[in-house]
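Novice: Below is one structure. I have some questions about it.
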Amino acid sequence: MFSHSSRLRRSFSATASFQSPSIKSLSEDLYKERDLRSLVEKFKRYSSSDRFRNKAGIYETTVRRLASAKRFRWIQEILEHQNVFRHDVSKENFNIRLIKLYGQSAMFDCAKRVFDEMPERNCERTVKSVNALLSACVNAGKYDEIEGTFEEMEMKWKVKPDVVSYNIVIKGLCEMGKLDRGLALFDAMLRKSGVNPDLITFNTLLNGLYENKRFDEGENMWKRMVKCNLIPNIRSYNARLVGLVNEKEFEEAGKLITEMAQNGIKPDLFTYAALIRGYCNEGNVNEVKKWYSEMVRCDCVPDRALVGVVLSCACDHGDYNWCFELCNELFERKCLVDSGVLQKVVDSLLKVSRIAEAKKIVQMGKTNDYCLYKLKLE
């Protein structure tokens, strides 16, 4: 009995010692690999693991790295390598992943080929895979393919579009600058398809209308959204805020932010930035200061672009006290800002003989511990 137990323990120990590497270790190895050719070879080798192929995030990260380096041929190499795994390529979700990855890499022709070959792999094409192809059109910037692909859904592939299909196509049309075509498709959706729009549908059209200064149409679309018993979210409110700012209805825009808070929706950076930029364009520094302070008070961190706009506005309108105060605050918070904007502040301070403050900003630019700014005292 004792010897049998010993053999079992030895057998278990031997099995454990030859366990395959964990997915975490494989992922870390790929992340640390700096040579992209080696990355491709490792990825293909690791793909033989079922568990590895189940991790969509590893695929996305690897393809993104190769795309950023413009190694599109290697993207095609690792994704075409997946064809050896016959069981996986017969599954719709796996093909959808490949279609999306090609689309995100602006390789629409490859995405379309995966879609076209699905029947050869005994893989059914449902609305999910057609939607993936539509998304690939948009992500790859192949806007001319969107409407044709949408029309082929029912005519060629016998697939009925759902709300996601309509949302993708409407978004693509809006990005093409064909807002009226998007609105026409929305109306056709309501009249003919039996598909109900959702909040994404309305938000896409609200953005298009308000951004293009079609305020009254935007307000009508808002009413239609409410009539459909859809509750506006942060994207809805931000779109409307842009419309109000475009109309120079700043007081109403401020009230809308208050309404958001009352409805349990916390304003985000986009909310504050839209209003602050509007006031900057009007040269209303007092309101810029008020809303910038409110944004910081609500723990909303300004981005590099907004900081540049605010500092330039303060400089242009001679509020040098606030300029200097802002610069101190930015360095304390370790916020990034374009060096050209900081140089503009330094130059403006020198012009009004505020030399000590200009020197302090130059010094902070040199001695801070997060970004070196080579500012000049001229």
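The values are calculated or read from the model by the stated rules, or taken from the named source; none is laboratory data. Please read these numbers as outputs of a predicted model, since none were measured by experiment. Neighbour counts are summed over all protein chains in view; Cβ atoms, including those assigned to glycine, are modelled from backbone coordinates with ideal geometry.
Novice: Could you tell me which numbered condition V288 fails, if it satisfies all but one of (1) assigned to a loop (DSSP other than H, G, I, E, B); (2) surrounded by 13 or more Cβ atoms within 10 Å (Cβ to Cβ)?
Specialist: Going through the list (1) assigned to a loop (DSSP other than H, G, I, E, B); (2) surrounded by 13 or more Cβ atoms within 10 Å (Cβ to Cβ), V288 breaks only (1).
Novice: Name every residue in region 332-350 that is out of contact with any Asp or Glu (no Cβ under 7 Å at 6 or more places or on another chain), modelled with pLDDT of 95 or more and among the hydrophobic types (A, V, I, L, M, F, W, C), in order of residue number.
Specialist: Within region 332-350, V341, L342, V345, V346, L350 qualify.
Novice: Considering only region 43-97, how many residues are under 19 Å from the mean Cα position of the chain (by Cα) and of a type in the set (A, V, I, L, M, F, W, C)? Step through it out loud before you land on a result.
Specialist: As a first pass, look at region 43-97 and keep what is under 19 Å from the mean Cα position of the chain (by Cα): 56-68, 97.
This time we only want the ones that are of a type in the set (A, V, I, L, M, F, W, C), so: 56, 58, 63, 66-67.
So the answer is 5.
Novice: Turning to a different aspect of this structure: Are there helices (runs of 4 or more DSSP H) fully within region 47-139 with at least 2 residues that are modelled with pLDDT of 95 or more, under 30 Å from M155 (Cα atoms) and of a type in the set (D, E)? List them. Step through it out loud before you land on a result.
Specialist: Values: elements: 50-53, 56-68, 72-80, 86-89, 92-104, 108-117, 127-139.
Of the helices (runs of 4 or more DSSP H) lying wholly inside region 47-139, those with at least 2 residues that are modelled with pLDDT of 95 or more, under 30 Å from M155 (Cα atoms) and of a type in the set (D, E) span 108-117.
Novice: Report, ordered by the first and then the second residue, all pairs with beta carbons closer than 7 Å, sequence separation of six or more or different chains, a first member in region 61-84 that is under 21 Å from F115 (Cα atoms), and a second member that is acidic (D, E).
Specialist: Taking only residues 6 or more apart or on different chains, the pairs are Q82/D88.
Novice: Can you tell me which of G318, G340 is under 27 Å from A273 (Cα atoms), of a type in the set (G, A, S) and not in a helix (DSSP H, G or I)? Step through it out loud before you land on a result.
Specialist: Details: G340 fails: not in a helix (DSSP H, G or I).
None of the other options fit; the residue is G318.
Novice: Then there's this: Among residues belonging to region 291-313 that are charged (D, E, K, R) and under 21 Å from K255 (Cβ atoms), point out the one that is surrounded by the most Cβ atoms within 10 Å (Cβ to Cβ).
Specialist: Step one: of region 291-313, the residues charged (D, E, K, R) are 294, 297, 299, 303-304.
Among the residues that remain, those that are also under 21 Å from K255 (Cβ atoms) are: 294, 297.
Details: E294: 16, R297: 8.
Residue satisfying both the conditions and the ranking: E294.
Novice: Just the residues that are over 24 Å from the mean Cα position of the chain (by Cα) and either more than 27 Å from F270 (Cβ to Cβ) or assigned to a helix (DSSP H, G or I) (or both), please, taken from region 187-214.
Specialist: D187, A188, M189, L190, R191, K192, S193, G194, V195, N196
Novice: Restricting the search to region 250-279, which residues are among the hydrophobic types (A, V, I, L, M, F, W, C), under 26 Å from the mean Cα position of the chain (by Cα) and part of a helix (DSSP H, G or I)?
Specialist: Pass one, region 250-279, residues among the hydrophobic types (A, V, I, L, M, F, W, C): 250, 253, 256-257, 260-261, 265, 269-270, 273-276.
Cutting the leftovers down to under 26 Å from the mean Cα position of the chain (by Cα) gives us 253, 256-257, 260-261, 265, 269-270, 273-276.
Once the filter is applied, which keeps residues that are among the hydrophobic types (A, V, I, L, M, F, W, C), under 26 Å from the mean Cα position of the chain (by Cα) and part of a helix (DSSP H, G or I), region 250-279 yields A253, L256, I257, M260, A261, L269, F270, A273, A274, L275, I276.
Novice: May I pose another question? Say we look at region 299-331 and pick out the residues that are among the β-branched types (V, I, T) and out of contact with any Asp or Glu (no Cβ under 9 Å at 6 or more places or on another chain); which of these is farthest from G283 (Cα to Cα)?
Specialist: First, pick out the residues of region 299-331 that are among the β-branched types (V, I, T): 301, 307, 309-310.
If we keep only those that are out of contact with any Asp or Glu (no Cβ under 9 Å at 6 or more places or on another chain) as well, we get 301, 309-310.
Details: V301: 22, V309: 11, V310: 10 Å.
Taking the candidates together, the pick is V301.
Novice: Quick check: anything in region 140-154 among the hydrophobic types (A, V, I, L, M, F, W, C), closer than 19 Å to V195 by Cβ, touching a Pro at 6+ places or on another chain (Cβ under 8 Å) and surrounded by fewer than 19 Cβ atoms within 10 Å (Cβ to Cβ)? If you could, list the steps in order and put the result at the bottom.
Specialist: Residues of region 140-154 that are among the hydrophobic types (A, V, I, L, M, F, W, C), as a first pass: 140, 146, 150, 153.
After this cut, where a residue has to be closer than 19 Å to V195 by Cβ as well, the list is 146, 150, 153.
Among the residues that remain, those that are also touching a Pro at 6+ places or on another chain (Cβ under 8 Å) are: 150, 153.
In the following step, the residues that additionally are surrounded by fewer than 19 Cβ atoms within 10 Å (Cβ to Cβ) were identified as none.
No, there is no match, as no residue in region 140-154 is among the hydrophobic types (A, V, I, L, M, F, W, C), closer than 19 Å to V195 by Cβ, touching a Pro at 6+ places or on another chain (Cβ under 8 Å) and surrounded by fewer than 19 Cβ atoms within 10 Å (Cβ to Cβ).
Novice: For region 155-171, which positions are surrounded by 13 or more Cβ atoms within 10 Å (Cβ to Cβ), out of contact with any Phe, Trp or Tyr (no Cβ under 8 Å at 6 or more places or on another chain) and assigned to a helix (DSSP H, G or I)?
Specialist: V163, V164, N167, I168, K171
Novice: Of these, S17, S38, S25, which one is modelled with pLDDT under 95, of a type outside the set (F, W, Y) and either touching a Cys at 6+ places or on another chain (Cβ under 6 Å) or within 25 Å of R71 (Cα to Cα) (or both)?
Specialist: One residue alone meets the criteria, S25.
Novice: Here are C300, C327, C371: which of them is under 29 Å from K213 (Cβ atoms) and in contact (Cβ under 8 Å) with a residue 24 or more places away in the chain?
Specialist: On the way: C327 fails: under 29 Å from K213 (Cβ atoms); C371 fails: under 29 Å from K213 (Cβ atoms).
Exactly one residue qualifies, and that residue is C300.
Novice: For region 158-169, indicate whether the set of residues that are closer than 30 Å to N212 by Cβ, at pLDDT below 95 and of a type in the set (A, V, I, L, M) is non-empty.
Specialist: Looking through region 158-169, none of the residues is closer than 30 Å to N212 by Cβ, at pLDDT below 95 and of a type in the set (A, V, I, L, M).
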